[in-house]
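Just below is one structure, and these are the notes that go with it.
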Amino acid sequence: MIEAVGLTKRYGAKTAVYDLSFQVRPGAVTGFLGPNGAGKSTTMRMILGLDQPTSGQVTVCGSPYRRLPNAPRQVGALLDAKAVHGGRSARNHLLSLAQLSGIPARRVDEVLGVVGLQDVAKRRSGGFSLGMGQRLGIAAALLGDPQVLLFDEPVNGLDPEGILWVRNLMKQLASEGRTVFVSSHLMSEMALTADHLIVIGRGQLMADMSVRDFIAHNSAGFARVRTPQGDPGQREKLSAALTGAGGQVLPEQDGALRVTGLALPRISDLAHEADIRLWELSPHQASLEEAYMRMTQGAVDYRSTDDQKAGLQPDQLPGGPVPLPDVPEVPQQGWYAPPPPAASPPGQPVSAATAPEAPADAAASRPPAATDPTQPEDPR
Ligand SMILES: Nc1ncnc2c1ncn2[C@@H]1O[C@H](COP(=O)(O)OP(=O)(O)OP(=O)(O)O)[C@@H](O)[C@H]1O
């Protein structure tokens with residue numbers, strides 16, 4: 001069990017972690033999520049006694065890490081896979097760690113086998129790929145057969161087979177009754193791996209709940225509805241009818257509307273009553289990734305801006321604009337298959353009266369609409 005109470009860390013004027021309280025329980029994989037700079041690594045370093053809290057405290061198995069008797073046998077961690085003496089072989093690196101903690105040498109060969117590095121055990125770790133380095137870091141974490149394990153971005157650099165292996169390893173460790181605390185940016189991976197989530201933003205707790213509850217609390221189901229492509233008037237008319245009936249309507253990047261607050265049959269009836277043809281009406285549930293993005297969008301420190309390519313656009317270069325090739329119209333073939341919800345984040349409201357508020361900076365981070373090969377018509 002890991003327990004943080006009022007954990008706060010300041011670096012000069014920067015508050016990296018503020019008043020964080022949570023428990024990480026044994027027998028489950030707990031995912032630790034947050035945007036870049038949210039304070040995940042700082043929190044993990046404080047759990048491991050590598051950083052002193054400015055105030056508050058964090059304990060592992062009831063004691064601060066530094067007061068744990070033979071801590072490496074109780075807690076294993078992968079924080080920075082690159083923090084290895086590159087001139088040493090993988091086996092010698094693990095042997096030196098084992099000797100420091102009174103762990104028998106045969107355990108080194110066991111963990112090398114567990115992480116699949118037995119064939120390269122004698123190679124200098126400085127020549128390892130990112131994925132091999134991650135495996136070596138995981139081997140070091142497993143060395144003392146600890147009850148509590150912390151992994152900071154363990155799948156970073158791993159190939160699909162490696163990601164699957166880490167997923168199964170985390171689950172197995174938890175099923176053995178261990179406490180497994182793992183940070184990741186890969187929401188889809190966390191949805192498959194974690195039982196419980198702790199989400200932080202700008203150093204503060206945003207959610208502490210099961211994955212299932214997280215999705216249910218943060219992502220209402222919604223409908224996607226699409227009117228004929230070449231007739232924006234129909235779309236506006238439908239939007240007004242749905243809003244008038246109490247629905248919330250947001251336009252999506254591909255021209256469809258995202259509707260919440262109305263059941264699908266009601267949307268269909270309203271469209272029929274307004275004499276509007278529909279090309280799509282489909283139910284959706286937001287993914288963990290979308291629920292997470294929705295929750296943390298106000299706590300993101302680093303946002304990209306559109307690349308203006310100043311001075312590089314064809315009409316800014318000598319010779320003038322390059323004409324676009326003609327694209328023939330493609331008639332609709334059967335039923336339109338929508339992209340998954342994650343591919344189409346909510347956009348700006350149709351009008352101020354029809355949609356909930358969007359953060360002022362949301363538009364700045366939105367990429368320009370991509371060409372959708374599934375579009376039935378091309379407006380060009
Ligand atoms: N030693 C330090 N000195 C000053 N500021 C620091 C220090 N360590 C972290 N910070 C700042 O504290 C904040 C939290 O950083 P931290 O590395 O914990 O975030 P993170 O959630 O792990 O980010 P990422 O997902 O990018 O790894 C950041 O603004 C970071 O710049």
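Throughout, read-outs are computed from the coordinates displayed, never taken from laboratory work. Nothing here was measured: the structure is a model prediction, and the numbers come from that model. Quick reminder, even Gly has a Cβ in these numbers, built from the backbone with ideal geometry, and neighbours come from all protein chains shown.
Some values worked out for this structure:
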quantity: Environment charge at R258 (Cβ cut-off 10 Å; Lys +1, Arg +1, Asp -1, Glu -1); calculated: 0
quantity: Cut-off under 5 Å, modelled amide H: who pairs with F151 long-range; calculated: L78, F181, V182, S183
quantity: Fraction of alpha-carbon pairs over 19 Å apart in the range 148-216 - percent; calculated: 33 percent
quantity: Rg and Dmax [Cα atoms of the range 106-240; Å; Rg one decimal, Dmax integer]; calculated: 21.5, 74
quantity: Positive-end extreme of charge dipole, the range 1-157 - chosen from S125, A140, I103 (charges on Cβ); calculated: S125
quantity: Length added when fully stretched, R277-S55, from 0.36 nm per residue minus Cα-Cα; calculated: 73.8 nm
quantity: Kirkwood Rh and Cα Rg combined as Rg over Rh, evaluated for the range 2-217; calculated: 0.96
quantity: Using distinct alpha-carbon pairs, which all enter the 1/r mean, Kirkwood radius of the range 220-285 in Å; calculated: 11.4 Å
quantity: Vicinal HN-Hα couplings computed from phi for the range 289-294 (Karplus, 6.51 cos²θ - 1.76 cosθ + 1.60; Hz; Gly/Pro x); calculated: 4, 5, 4, 5, 4, 4
quantity: Phi to ³J(HN,Hα) by Karplus 6.51 cos²θ - 1.76 cosθ + 1.60 over the range 148-161, Hz, x for Gly, Pro; calculated: 10, 10, 10, 10, 9, 6, x, 8, 3, x, 7, 7, x, 5
quantity: Relative packing of peptides 150-159, 255-264, 229-238 - highest average C-beta neighbours within 10 Å first; calculated: 150-159, 255-264, 229-238
quantity: Between the range 186-203 and the range 210-229, the alpha-carbon center distance in angstrom; calculated: 18 Å
quantity: Interchain or long-range residues, amide H under 5 Å from V29's placed H; calculated: D195, H196
quantity: Inter-probe distance in nm under a simple model that places probes 7 Å from Cα toward Cβ, at R25 and R266; calculated: 3.6 nm
